[in-house]
1. Out of the trypsin sites (Lys or Arg not before Pro) in the stretch 72-105, which ones are loop residues according to DSSP with at most 12 other C-beta atoms within 10 Å?
2. Return the sequence-ordered ³J(HN,Hα) values of the stretch 82-93 in whole Hz as given by the Karplus equation 6.51 cos²θ - 1.76 cosθ + 1.60 applied to θ = phi - 60°, using x for Gly and Pro.
3. What's the exposure ranking of Arg39, Arg158, Arg52, going from fewest to most Cβ atoms within 10 Å?
4. If I model a spin label as a point 7 Å beyond the Cα along the Cα-Cβ vector, how far apart are those points for Gln141 and Val128 in nm?
5. With 10 angstrom as the radius, rank Tyr145, Tyr187, Tyr137 by how many other C-beta atoms surround their C-beta, starting from the fewest.
6. Mind sorting Asp90, Asp40 by how few other Cβ atoms lie within 10 Å of their own Cβ, fewest first?
7. Give me, ordered by chain and number, the residues 5 or more places off Gly152 or on other chains with an amide H under 5 Å from its own placed amide H.
Amino acid sequence: EIKVQNSKSLTVENERLKSLLGLKEQSAYKTLSAQIIGRDSSAWFDTSIINRGSLDGVKLNMPIVTNGGLVGRVTAVSPLTAQVALITKDKSGLGAVVGELGTSNALGVVSGNGKKELLEMGYVPGSVEVKAGEGVYTTGQDGIYPANLKIGEVVEVRAGSATVAQQIFIQPSAKLSSMQEVVVLLYEPPPRPEFDKSLPNAAKKK
């Protein structure tokens, strides 16, 4: 029985590693595989520690993903390890869209609600139709995450109106409580253009 259990465990692990390998090959960005070596799921924190750090090229705010979807972002880095804040507890908000970016008008901000293992999306006008089961993706407009990363799926919609935003609750696609391996996207957002303080019609001094 022990041999059978070990064989099953190895099969599951191999499948998981193959999925991560496939994710790395499909990614449009340079990636770095990492293992979860610690967790903090207290009432005040929901973070994980990975076995990759600044010596591996990991930097603050780099996105963390699995083959299921977005996990979170790096919030602290040491030479050999890094701390990852999970999206369910990150209240800083990330730009998101329900449906396909570029065609959907359901644009808003996703953040952890701190009450249960769900995400909440706000600022979507009540006049925009959103249905349970629809996919939610990053837009890249928050200056942290690149566009088109899968966040999760809509599980509940509380209707709004033309003047009141609707409340949208999302189940994360990544299995945050059971993940063992993740992938760091070695992604740094492009610098935003500096604000041009000069007036367009003002005469320039020589």
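Coordinate-derived values only; no laboratory data. Note that the structure is predicted; figures quoted are calculated from it, not measured. Neighbour counts run over all protein chains shown; Cβ positions are idealised from the backbone, glycine included.
1. Numbers: sites: Arg73, Lys89, Lys91; in loops: Lys89, Lys91.
Sparse-neighbourhood loop trypsin sites (Lys or Arg not before Pro): Lys91.
2. Per-residue couplings from phi come out as 8, 9, 10, 8, 6, 5, 5, 10, 7, 9, 6, x Hz.
3. Exposure proxy ranking, most exposed first: Arg158, Arg39, Arg52.
4. In this crude spin-label approximation the distance works out to 0.7 nm.
5. Tyr187, Tyr137, Tyr145
6. Asp40, Asp90
7. Amide H neighbours of Gly152, under 5 Å, 5+ apart: Val136, Ser173.
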